[in-house]
Amino acid sequence: MATFAAASASARSGTRIPPDSVVFGRSHEMQSIQQRIVKIAAADVPVLIQGESGTGKEIIANLIHRYSPRESGPFVKVNCPAIPGTLLESELFGYEKGAFTGANESKPGRVEMAHRGTLFLDEISELEYGLQSKLLQLLQDGQFCRIGGQDDKKVEARLVCTTNRNLEQEIDKSTFRRDLFYRINVISLRIPALRERLTDVPILVNYFLEIYGEKYNCRVKPVSSKLMEQFQRHHWPGNVRELENLMRRYVILGSEDAIAHEVVSKRPDVWNSDIPVDGIVSLKKITQQATREIERKVILRVLQANNWNRKRTARALSISYRALLYKIRDVGLPAARGGPLIEGEFEADA
């Protein structure tokens with residue numbers, strides 16, 4: 001497996017790749033993934049990487065590229081949620097001069113730029129249905145056409161996709177093409193959530209302390225055993241990204257008190273309301289109350305993990321921004337950290 005120095009030197013995609021000992025840790029789940037990656041990388045077929053936000057799916061995609069025969073080629077990333085649908089087609093497939101107003105010269109797309117390398121589609125579930133058809137054609141024929149172009153272009157690139165959603169559920173909702181799913185799901189990897197690999201937390205903590213200590217030129221004490229025990233009991237809704245942000249704040253502020261309040265020592269009961277056993281019980285009402293309390297706890301935890309950035313929180317929860325705003329108001333959460341409840345905000349954000 002590659003060394004950290006080699007990983008850092010190859011960060012053409014802009015993603016920092018930690019040492020293998022940090023990426024895969026000691027947990028059985030990640031050790032199994034490490035063994036599979038070597039075989040997967042050698043097989044030039046599409047790979048689908050599934051897992052919650054913040055689990056390190058992009059790092060795994062980078063490693064698949066680096067261990068593959070296409071290592072010397074480009075690793076081209078497309079962040080599907082970050083590019084508006086109206087622009088994503090031209091970003092993916094490029095355009096010819098005069099194809100539309102403002103197209104003063106021809107421009108290659110990310111697909112073309114990935115020739116003889118790897119095309120990485122981050123959060124492919126966000127790809128619009130119409131574009132899914134064009135991507136399917138690319139996978140079937142190895143050909144595509146620029147916007148405004150007349151001739152098809154051939155491209156050889158390996159496709160690696162990630163998603164934090166259940167694509168089979170998206171198929172049932174008619175938001176994702178079934179035939180495309182089968183094309184991209186030749187090999188599938190599921191990256192476990194951090195709460196499923198808590199034995200790796202100390203390794204990650206020490207790595208982030210070292211990295212950010214060097215970056216900010218700060219010398220901090222190792223994390224105390226008390227705080228590490230809290231880490232081991234925390235649910236980590238934001239996964240490795242949440243832990244990384246906590247360690248960054250700890251290095252900058254130099255105090256465990258500055259981060260300890262953000263770590264829940266033990267998981268509270270989801271709902272512990274008394275249910276009468278000798279009277280008439282409305283199952284529907286009780287279920288609604290329990291669901292509302294669960295939603296409140298989950299939304300609060302994910303908001304905290306994303307520093308109360310509601311757009312990132314909506315993406316992490318796989319709901320629309322507008323739906324998140326309604327849910328925040330419905331369950332009685334503040335609009336911002338320590339702020340008042342949302343009032344009259346929905347029209348402005350529509």
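The values are calculated or read from the model by the stated rules, or taken from the named source; none is laboratory data. Note that the structure is predicted; figures quoted are calculated from it, not measured. Because the Cβ atoms are built from the backbone with ideal geometry, glycine has one as well, and the counts that use them run over all protein chains shown.
Table for the structure above
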quantity	calculated
Residue, modelled with the lowest pLDDT, within the stretch 203-225, restricted to residues that are of a type in the set (A, V, I, L, M) and not in a helix (DSSP H, G or I)	VAL220
Answer residue from the stretch 36-67, given it is part of a strand (DSSP E or B) and either under 11 Å from the mean Cα position of the chain (by Cα) or modelled with pLDDT under 95 (or both) and is surrounded by the most Cβ atoms within 10 Å (Cβ to Cβ) among those	ILE49
Any hit, the stretch 239-254, residues being part of a helix (DSSP H, G or I) and either touching a His at 6+ places or on another chain (Cβ under 6 Å) or at pLDDT below 90 (or both)	no
Sole residue being at pLDDT 95 or above, farther than 22 Å from ARG249 by Cβ and either in the same structural domain as MET113 (by TED's automatic domain parsing) or not β-branched (Val, Ile, Thr) (or both), chosen from ASP152, ASP172, ASP200, ASP179	ASP179
Search result, residues across the stretch 286-331 that are among the β-branched types (Val, Ile, Thr), in a helix (DSSP H, G or I), over 21 Å from ARG248 (Cα atoms) and in contact (Cβ under 8 Å) with a residue 24 or more places away in the chain	ILE294, VAL298, ILE299, ILE328
Cross-chain or 6+ apart pairs with Cβ under 6 Å, the stretch 109-130 first and not assigned by TED's automatic domain parsing to the domain that holds ALA42, then part of a strand (DSSP E or B) and among the basic types (Lys, Arg)	none
Residue list for the stretch 68-80, restricted to those being closer than 30 Å to ALA305 by Cα and surrounded by fewer than 16 Cβ atoms within 10 Å (Cβ to Cβ)	ASN79
Sole residue being buried (at least 16 other Cβ atoms within 10 Å of the Cβ), under 27 Å from the mean Cα position of the chain (by Cα), at pLDDT below 85 and not charged (D, E, K, R), chosen from ALA336, ALA305, ALA350	ALA305
Residue list for the stretch 17-35, filter: touching a residue at least 12 places away in the same chain (Cβ under 8 Å) and more than 18 Å from LEU243 (Cβ to Cβ)	ASP20, ILE33, GLN34
Some residue of the stretch 50-63 being more than 30 Å from GLN232 (Cα to Cα) and charged (D, E, K, R)	no
Of the criteria (1) part of a helix (DSSP H, G or I); (2) out of contact with any Lys or Arg (no Cβ under 7 Å at 6 or more places or on another chain), which one HIS115 fails	(1)
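A quick yes/no check of all residues on (1) closer than 19 Å to VAL45 by Cβ; (2) in a loop (DSSP other than H, G, I, E, B); (3) over 23 Å from the mean Cα position of the chain (by Cα):
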{"residue": "PRO69", "(1), (2), (3)": "yes, yes, yes"}
{"residue": "LEU87", "(1), (2), (3)": "no, no, no"}
{"residue": "SER90", "(1), (2), (3)": "no, no, yes"}
{"residue": "PHE100", "(1), (2), (3)": "no, yes, yes"}
{"residue": "ASN104", "(1), (2), (3)": "no, yes, yes"}
{"residue": "LEU119", "(1), (2), (3)": "yes, no, no"}
